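As structure tokens, the structure follows; a few thoughts come after it.
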Amino acid sequence: MRPIELTPRLLALARQVPEGARFADVGTDHARLPVWLLERGIIQNAIASDLREGPLEQARETARRHALTERLSFRLGDGLTPIRGEEADVCAIAGMGGETIAAILAACPWAATPGHTFLLQPMTSVEELRAWLWRNGFRITREELVGEGRTIYVVITVIPGAMVPLTPAEEWAGRQYRGMESPLRAEYLARLCGRMAGMVEGLRRSTRPEDLEKLPRLEEALAGLNELKEEWDRWQQ
Ligand SMILES: C[S@@+](CC[C@H](N)C(=O)[O-])C[C@H]1O[C@@H](n2cnc3c(N)ncnc32)[C@H](O)[C@@H]1O
């Protein structure tokens with residue numbers, strides 16, 4: 001059996017796992033990520049967990065095909081509940097909605113204790129996840145944008161600890177700083193500005209009170225996003 005290959009999204013996550021980490025993959029599905037890390041000798045053992053038996057069976061099947069069954073511990077359960085804090089120092093939670101990822105961290109009593117790093121890859125509601133993280137004792141230490149097809153994914157590295165609060169625009173786009181290496185950021189910001197402008201336009205046309213209530217915060221975020229984009233473009237000159 002040839003070693004497993006990863007697409008850019010999962011590869012970006014895999015590259016953030018340090019050698020010798022006690023690694024857990026939450027929502028593992030086919031267990032591609034832990035199998036890639038085990039086959040390259042980056043980690044010696046891993047926990048592969050999933051909420052549902054079907055995906056966990058897929059994970060067992062991948063492990064069988066790659067002769068790694070003995071080095072993976074398969075756990076059935078919601079989020080981090082099947083994992084004890086002392087068993088993992090690096091946990092990936094990838095390929096789920098941002099609200100689900102936030103709910104998984106919120107439900108885990110040891111997630112906010114020192115010594116744990118989380119590699120998060122939300123598929124949706126990234127702004128809700130960032131907002132939840134800084135308000136709930138997690139510090140974003142790194143963000144990476146990854147292109148796969150037409151989609152730009154974000155991989156967020158998080159540790160327990162306080163961070164300087166994000167502005168509404170930073171909740172949408174992540175924090176930027178001069179000298180930051182991010183080849184996809186200009187495109188990411190342009191897409192966010194376009195999407196947000198469409199949302200603001202839609203709300204301005206609406207007569208529903210709940211839409212009008214949302215409008216000022218989104219207008220503030222849009223103004224901030226345009227400033228972030230201008231700042232980023234200036235830095236690239
Ligand atoms: C789209 S797959 C992502 C698989 C892999 N992590 C990736 O990024 O390619 C999402 C997986 O997360 C699992 N999942 C969803 N909610 C979960 C939860 N609360 N706890 C654990 N696993 C969950 C699903 O069963 C599914 O197998």
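The values are calculated or read from the model by the stated rules, or taken from the named source; none is laboratory data. Worth saying up front: this structure is predicted, and the values here are computed from it rather than measured. Here the Cβ is made from the backbone with ideal geometry for all residues, glycine too, and neighbour counts use every protein chain on show. Ligands, DNA and RNA are excluded from the accessible area calculation, which covers all protein heavy atoms including side chains. Shrake-Rupley method; radii C 1.70, N 1.55, O 1.52, S 1.80 Å.
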Starting from residues that are within 18 Å of E148 (Cβ to Cβ) and within 8 Å of the ligand (Cβ to nearest atom), keep the ones in segment 10-26 and report whichever is surrounded by the fewest Cβ atoms within 10 Å (Cβ to Cβ). L10
Checking the structure you have, find out if any residue of segment 67-81 is in the same structural domain as T124 (by TED's automatic domain parsing), assigned to a helix (DSSP H, G or I) and in contact with a Lys or Arg (Cβ under 8 Å, 6 or more places away or on another chain). yes
If I ask for residues that are touching a strand residue (DSSP E or B) at 6+ places or on another chain (Cβ under 8 Å) and surrounded by fewer than 19 Cβ atoms within 10 Å (Cβ to Cβ), which ones from segment 27-42 would you list? D29
Enumerate the pairs (first residue in segment 20-37 and assigned by TED's automatic domain parsing to the domain that holds L68; second residue anywhere and near the ligand (Cβ under 7 Å from one of its atoms) and open to solvent by 20 Å² or more (accessible area, probe 1.4 Å)) with beta-carbon separation below 8 Å, excluding pairs fewer than 6 apart on the same chain, so at least 6 apart or on different chains. G27/L51; G27/G95; G27/M96; D29/G95; R32/L10; L33/L10; W36/L10
Starting from segment 194-219, take each residue that is surrounded by 11 or more Cβ atoms within 10 Å (Cβ to Cβ) and list its partners that are not aliphatic (A, V, I, L, M) and not in a helix (DSSP H, G or I), counting only C-beta distances under 9 angstrom and pairs at least six apart or across chains. L212/S206; L215/S206
Hey, A94 hydrophobic (A, V, I, L, M, F, W, C), open to solvent by 10 Å² or more (accessible area, probe 1.4 Å) and within 11 Å of the ligand (Cβ to nearest atom) or not: yes
Counting just the residues of segment 67-83 that are away from the ligand (no atom under 16 Å from the Cβ) and of a type in the set (D, E, K, R), which one comes out least open to solvent (accessible area, probe 1.4 Å)? R71
Working only within segment 97-121, note down all residues that are over 13 Å from G27 (Cβ atoms), more than 12 Å from the ligand (Cβ to nearest atom) and hydrophobic (A, V, I, L, M, F, W, C). W110, A111, A112
Please determine whether any residue of segment 97-112 is touching a residue at least 24 places away in the same chain (Cβ under 8 Å), under 18 Å from I43 (Cβ atoms) and in contact with a strand residue (DSSP E or B) (Cβ under 9 Å, 6 or more places away or on another chain). no
